[in-house]
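Everything on this sheet refers to the single structure shown next.
The values are calculated or read from the model by the stated rules, or taken from the named source; none is laboratory data. Since the structure is predicted, the reported quantities are computational estimates derived from the model, not experimental observations. Cβ: placed from backbone, ideal geometry, glycine included. Neighbour counts: every protein chain shown.
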Amino acid sequence: MKGRELYILWMMCMCTGSLVAGQVTEVRVVDRMDLPAALAGQTDQSWIVEFIEIWTIDTERPGIQKRVDSIRIFGDPETDFWSMVRKHSPGGGETRIGEVSHEFMLMDPENQHANNLHAPMVSMVSLYSETAGSYNLDDQLLSVCFHETWILDPDSATVIKRVSGITPVIWQRRQTEDGDPVNDAETGLPVYFKLELERIPLRNP
């Protein structure tokens, strides 16, 4: 596990919280992820796409809506997102990509707005996961996998993300046989392993 990821996990453990069930929360999010293979084609698979989005989270429905405000690509400075979409669909018109799945860290010292996501996600998972009661979600729910369908329209430069479900990811401290927590030898930060819970289906309007 890389040093930066370990640092993020340490920061998460210092900032966890809870939320009253049923609350609707709106959060501005910077979401960076690997460029989906359907768009990457023959390009460098290490390219990153960044979305600036507004997420509306309804813990009771349950549902998550994402409004994309801006997009950029980290890779080739001469390539933009919409040129890649047009290559994927040379006939023009809308392009649909499904299903896009990616893991999102719920709190990140370099993505401060995302810190507001932890409490509503804990609330949603505690309400709709059958196995979540076996874990301390405030401390252990540190990331979520989103499952989405993307509808891309290069003519209007719009992206619609329909979130069909989430998979909660539980982070657990590695321990020795004697039960002592294990830290990274180089950084001294905690070492974790991840466990995915059952997928939670979400409603879309």
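General observations
- Criterion applied to H147, H113, H118, H102 was being modelled with pLDDT under 90 and outside any loop (DSSP other than H, G, I, E, B), and the one residue passing it is H113.
- The C-beta contact set for region 148-159 (first residue of a type outside the set (G, A, S), second residue in a loop (DSSP other than H, G, I, E, B) and at pLDDT below 95, distance under 7 angstrom, 6+ apart or interchain) comprises I151/E94; L152/E94; D153/E94.
- Filter pass, L195 being crowded, with 17+ Cβ neighbours inside 10 Å, in a strand (DSSP E or B) and in contact with a strand residue (DSSP E or B) (Cβ under 7 Å, 6 or more places away or on another chain): no
- Criterion (under 30 Å from R173 (Cα atoms), buried (at least 16 other Cβ atoms within 10 Å of the Cβ) and modelled with pLDDT under 95) met by exactly one of D139, D108: D108
- Across region 168-186, the qualifying residues are those that are buried (at least 18 other Cβ atoms within 10 Å of the Cβ) and not aliphatic (A, V, I, L, M), and the one among them that is farthest from the chain's Cα centre (by Cα) is W171.
- Residue match in region 41-51 (condition: within 15 Å of the chain's Cα centre (by Cα), in a strand (DSSP E or B), buried (at least 16 other Cβ atoms within 10 Å of the Cβ) and at pLDDT 85 or above): yes
- In region 83-100, residue farthest from the chain's Cα centre (by Cα) [restricted to those that are surrounded by fewer than 16 Cβ atoms within 10 Å (Cβ to Cβ) and closer than 16 Å to K161 by Cβ]: E94
- Residues that are over 30 Å from L39 (Cα atoms) and among the hydrophobic types (A, V, I, L, M, F, W, C), drawn from region 171-205: W171, V182, A185, L189, V191, F193
- In region 150-192, residue farthest from G98 (Cα to Cα) [restricted to those that are in contact with a Lys or Arg (Cβ under 6 Å, 6 or more places away or on another chain) and part of a loop (DSSP other than H, G, I, E, B)]: V182
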